[in-house]
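**Q** Sharing a structure, written as structure tokens. Questions coming.
The values are calculated or read from the model by the stated rules, or taken from the named source; none is laboratory data. This is a predicted model, so every value here is computed, not measured. Every residue, glycine among them, receives a Cβ derived from its backbone with ideal geometry; neighbour counts consider all protein chains shown. The accessibility values were calculated without ligands, DNA or RNA, using every heavy atom of the protein model including side chains. Shrake-Rupley method; radii C 1.70, N 1.55, O 1.52, S 1.80 Å.
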Amino acid sequence: NFEDQFQHSVPSAILLDNSILPHGGLEVLHLLKQHSKLNKIPVIYMTGNGAIGDKALEQGAEYLLIKPFDLIQLTATVLRACETNH
């Protein structure tokens, strides 16, 4: 249960890959956005598929990284997400 991972600390942002197993990133995103304690944490969604990225944004992801992305894009996006959460 992914909720158990947030028992002791709450992250400033969540990096979520579309290929997460066993459920898939969109399903995990949906679960996060439905959860009363986790739904305010900014989600950075990573995918190589632009159409899936659009769906992720529609379902509440605050940021989107289209693969392949570089370290500069990743760092800038994580910093932005963490700043918006404080």
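**Q** Return the lysines within reach of K55: Cα separation strictly under 21 angstrom, same-chain partners fewer than 8 residues apart disregarded; answer none if there are no such residues.
**A** Once the sequence-local lysines are set aside, what remains near K55 is K33, K40, K67.
**Q** Give the relative contact order (percent, whole number) for the range 8-53; include only Cα pairs under 8 Å separated by 6+ residues. Let's see the in-between values first.
**A** Working: 42 pairs, mean separation 21.4, N = 46.
So the answer I get is 46 percent.
**Q** Among L65, L29, N39, whose Cα projects farthest towards the positive end of the dipole of the chain, with charges put on the beta-carbon of Lys, Arg (+1) and Asp, Glu (-1)?
**A** The Cα lying farthest towards the positive end belongs to N39.
**Q** I've got another one for you. Just to be sure I understand the model, the point goes 7 Å from the Cα along the line to the Cβ. What's the resulting V10 to D70 distance in nm?
**A** Inter-label distance under the simple model: 3.6 nm.
**Q** Please compute the Cα-Cα pair-distance distribution of the chain with 5 Å bins starting at 0, giving whole percents from short to long.
**A** 3, 15, 27, 26, 20, 9, 2
**Q** Let me have the 222 nm mean residue ellipticity of the chain computed from DSSP H runs of 4+ only, each contributing -39500 (n - 2.57), with the sum over all residues rounded to the nearest 500. Walk me through the intermediate numbers first.
**A** Numbers: 3 runs with 33 residues, N = 86.
It comes out at -11500 deg cm²/dmol, rounded to the nearest 500.
**Q** With every protein chain present, what accessible area does E27 have (1.4 Å probe, heavy atoms only), rounded to the nearest 10 Å²?
**A** About 90 Å², rounded to the nearest 10.
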